[in-house]
Each structure stands twice: as structure tokens, then as C-alpha cells.
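The values are calculated or read from the model by the stated rules, or taken from the named source; none is laboratory data. It should be emphasised that the depicted structure is a prediction, and the values quoted were computed from it without experimental measurement. Cβ placement follows ideal geometry from the backbone for every residue including glycine, while neighbour counts extend to all protein chains displayed.
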């Protein structure tokens, strides 16, 4: 195929574009709703020139032309399908990537919150222990003062 078929063209337009690329066939056909009709004079002249008016070979020529057109149509459809599949696969891969990225960020933020809470609790428990030791020592000193006061008075 020499040039690209534009996106969104109808089957009729695709056939027209394919047939116009073949210079010897231009102007010798007419488009129907579902088929391409070649002028009878063109087909008979073509068959006479190439095959000396043999009926089997005329049918073969017509079938080979139909087959070549069908092959060209299939090639265009296959390239279109491949393009659509690649676009969809790319979209799905991007969507999976964004989902995975979101999940990774969520895991990281959850771990950071856990680590910050763990560190906070370690520091808080350490401060509580220091306060408890300080209060215990202060209470011991007060207790010893009270005990000394009572022992010295007796």
C-alpha cells in the first residue's frame, strides 16, 4: 500500500482509494452500495488482450482481481485493527501503571504514618519514664525528710 487510508473512511471510500491507485483501472468501474462493478467493455477488452477470449481465464481474471481487492481490503482492516489494539493496550497499561503508582504512594504514606506514630510513642514513653523517675526521686526525698524529722524528734 503506497499511502495511508484516512481514519474513519467508509468501505466504499476505501475501495475507491485502492482502485484509484491502480492506473490501468481508473475510470472503468462504478461503485455500488456493497460492490464495485467493472464496465463490461473494460473487462472483455482486458480479457481479450491477455487471455484471447477464454471463458475460464476470464473468470479467473475476474476472481484474481476480486481476490487482490479483497486482500487489499483485509490488509487495510488488519492495519486498522492493529492500530486500535495498540491504542487500547497502551490505555490499559497506563491505567494499570497509575493504579500501581497510587497503591505504592498509599503504602508509603501509611508506612510513614506508622513510623511517625511508633517514634512518637517511643519518645512519649521515654518522657513518661523520665517523669516517673523524677517524681519517684522527689517523693523519696520528701519521704526521707519526713522520716528524718520524726526520728530526730523522738
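Please state which one of 67, 58 is at pLDDT below 95, assigned to a helix (DSSP H, G or I), in contact with a helix residue (DSSP H, G or I) (Cβ under 7 Å, 6 or more places away or on another chain) and farther than 23 Å from residue 7 by Cα.
58
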Every pair of residues 6+ apart whose Cβ atoms lie under 8 Å, when the first sits in segment 130-150 and is at positive phi and free of Cβ contacts under 8 Å to residues at least 40 places away in the same chain while the second is surrounded by 10 or more Cβ atoms within 10 Å (Cβ to Cβ) and in a helix (DSSP H, G or I): none
